[in-house]
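**Student:** Structure below; questions to follow.
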Amino acid sequence: MSDVKNNPLLCDPETGACEMPGMATNATGTEILKGVKPVNIVYYTDPICSSCWGIEPQLRKLKLEYGQYFEIDYRMGGLLPDWSYNSGGISKPSDVAHHWDEASLYYQMPIDGDVWLEDPLHSSYPSCIAVKAAQIQDKQKAVIFMRILREGLFIDKKNIAKWENIVPAAEKAGLDVAKLKEDYDGTAQRLFKEDLLLGRKLGVRGFPTLFFSDGNGNQLTVNGSKPYQHFENALKAIYPDVKKNTFEATDPLALFKHYPTLTVREYAEILDKSQNEAKQILEELYASGVIGKKTIKSGSLFLKK
């Protein structure tokens with residue numbers, strides 16, 4: 001995509017990762033603690049990371065097929081501290097717009113890079129801290145909240161560094177906005193700093209980074225946007241006793257009971273269909289009025305009604 005490597009927003013399609021500038025591999029061998037389920041996945045991500053948006057199909061599939069065996073501990077990475085650290089290369093938000101349009105084609109996920117021309121983000125820290133604040137209230141709602149933030153950014157071109165755009169996403173996720181603001185201004189700031197510190201200890205250099213662990217010293221890492229098999233294999237290696245849930249998709253609407261919004265790529269990935277077949281099914285459902293649709297220049301998001 002680009003030979004400029006010193007900006008984290010220029011995610012490398014070959015590695016499938018958005019790498020942080022100047023982050024050294026100084027892992028200290030920190031062990032991931034045992035969770036309630038057999039496998040604990042520590043997932044380093046960032047609401048504005050295009051590569052993380054790129055692995056939504058794989059993660060959604062993994063949750064449906066093996067969700068009873070693992071829990072995901074979502075950690076925020078702070079992909080874009082601000083625009084001042086940059087020395088040459090990409091120096092302003094508008095430089096990212098074209099790259100995001102290319103990333104959309106690569107990941108086959110709808111992304112509109114024009115947000116960097118129309119209402120650019122000054123930092124990813126506000127959205128990271130907002131997610132930490134949401135986690136204080138309800139971890140599951142926080143996952144939904146981050147998904148809504150991402151849809152707002154990648155599809156609706158919303159500047160999710162602005163509190164005015166964070167609030168409606170929080171309301172839609174069923175969060176208490178007053179408490180969210182209180183935690184955002186207080187405890188969530190500390191939790192975010194703890195995430196950044198742990199990330200350095202674990203040797204996180206970019207996003208997405210997922211650490212699969214059984215809490216007994218067995219640990220595997222998946223870096224970047226990889227095919228589904230990489231995530232499934234890591235899970236099986238850490239916990240060989242997993243058994244796949246067979247997802248019967250006799251009803252084309254069944255997936256919307258699990259996920260209220262789906263892209264063509266997500267629908268295709270989860271149901272092992274071709275992109276064309278998935279698109280045809282979703283377009284027919286939309287034409288019949290049973291689901292909604294948002295269309296941007298690089299694709300569509302289909303919505304449960």
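**Student:** Any chance you could count how many residues in the stretch 260-288 are in contact (Cβ under 8 Å) with a residue 12 or more places away in the chain, closer than 23 Å to residue 152 by Cα and not hydrophobic (A, V, I, L, M, F, W, C)?
**Tutor:** So the count comes out to 9.
**Student:** Determine which single condition residue 174 fails, assuming it passes every other condition in (1) of a type in the set (Gly, Ala, Ser); (2) at positive phi; (3) open to solvent by 70 Å² or more (accessible area, probe 1.4 Å).
**Tutor:** (3)
**Student:** Let me ask another. I need the full set of residues from the stretch 151-173 which are touching a strand residue (DSSP E or B) at 6+ places or on another chain (Cβ under 7 Å) and assigned to a helix (DSSP H, G or I), in order please.
**Tutor:** Quick first cut of the stretch 151-173, residues touching a strand residue (DSSP E or B) at 6+ places or on another chain (Cβ under 7 Å) only: 151, 155.
Once the filter is applied, which keeps residues that are touching a strand residue (DSSP E or B) at 6+ places or on another chain (Cβ under 7 Å) and assigned to a helix (DSSP H, G or I), the stretch 151-173 yields only 151.
**Student:** Going through the stretch 181-203 one residue at a time, which ones are open to solvent by 20 Å² or more (accessible area, probe 1.4 Å), within 19 Å of residue 123 (Cα to Cα), in a helix (DSSP H, G or I) and out of contact with any helix residue (DSSP H, G or I) (no Cβ under 7 Å at 6 or more places or on another chain)?
**Tutor:** 181, 185, 190, 193, 194, 196, 197
**Student:** Which ones in the stretch 106-138 are out of contact with any Phe, Trp or Tyr (no Cβ under 8 Å at 6 or more places or on another chain) and open to solvent by 10 Å² or more (accessible area, probe 1.4 Å)?
**Tutor:** Listed by number, the residues that qualify are 106, 108, 114, 117, 118, 119, 120, 136, 137, 138.
**Student:** Then there's this: Starting from the stretch 85-99, keep only residues that are closer than 16 Å to residue 112 by Cβ, then list their pairs with residues that are modelled with pLDDT under 70 and open to solvent by 40 Å² or more (accessible area, probe 1.4 Å) whose Cβ atoms are within a distance under 8 Å, requiring at least 6 positions of separation or different chains.
**Tutor:** What qualifies is 99/1; 99/2.
**Student:** What's the number of the only condition in (1) crowded, with 17+ Cβ neighbours inside 10 Å; (2) over 22 Å from residue 54 (Cβ atoms) that residue 145 fails to meet?
**Tutor:** (2)
Listed here are the residues, each with its yes/no results for (1) free of Cβ contacts under 8 Å to residues at least 12 places away in the same chain; (2) closer than 25 Å to residue 260 by Cβ; (3) assigned to a helix (DSSP H, G or I).
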{"residue": "122", "(1), (2), (3)": "no, no, no"}
{"residue": "127", "(1), (2), (3)": "no, yes, yes"}
{"residue": "133", "(1), (2), (3)": "no, yes, yes"}
{"residue": "140", "(1), (2), (3)": "yes, yes, yes"}
{"residue": "143", "(1), (2), (3)": "no, yes, yes"}
{"residue": "146", "(1), (2), (3)": "no, yes, yes"}
{"residue": "149", "(1), (2), (3)": "no, yes, yes"}
{"residue": "175", "(1), (2), (3)": "no, yes, no"}
{"residue": "179", "(1), (2), (3)": "no, yes, yes"}
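**Student:** Let me ask something additional. Scanning the stretch 289-305 for residues that are in contact (Cβ under 8 Å) with a residue 24 or more places away in the chain and among the small types (Gly, Ala, Ser), which turns out nearest to residue 140 (Cα to Cα)?
**Tutor:** So the residue we want is 300.
**Student:** Return the total of residues in the stretch 47-88 being under 20 Å from residue 145 (Cβ atoms), of a type outside the set (A, V, I, L, M) and in a loop (DSSP other than H, G, I, E, B).
**Tutor:** Count: 4.
**Student:** Out of all the residues in the stretch 31-40, is one or more farther than 29 Å from residue 110 by Cα and modelled with pLDDT under 65?
**Tutor:** Going through the stretch 31-40, the residues farther than 29 Å from residue 110 by Cα turn out to be 31-40.
Keeping just the survivors that are modelled with pLDDT under 65 gives none.
No, the stretch 31-40 has no match at all.
The values are calculated or read from the model by the stated rules, or taken from the named source; none is laboratory data. Because the structure is predicted, anything quoted here is derived from the model rather than measured. Glycine gets a Cβ as well: all are built from the backbone with ideal geometry, and neighbour counts include every protein chain shown. Ligands, DNA and RNA are excluded from the accessible area calculation, which covers all protein heavy atoms including side chains. Shrake-Rupley method; radii C 1.70, N 1.55, O 1.52, S 1.80 Å.
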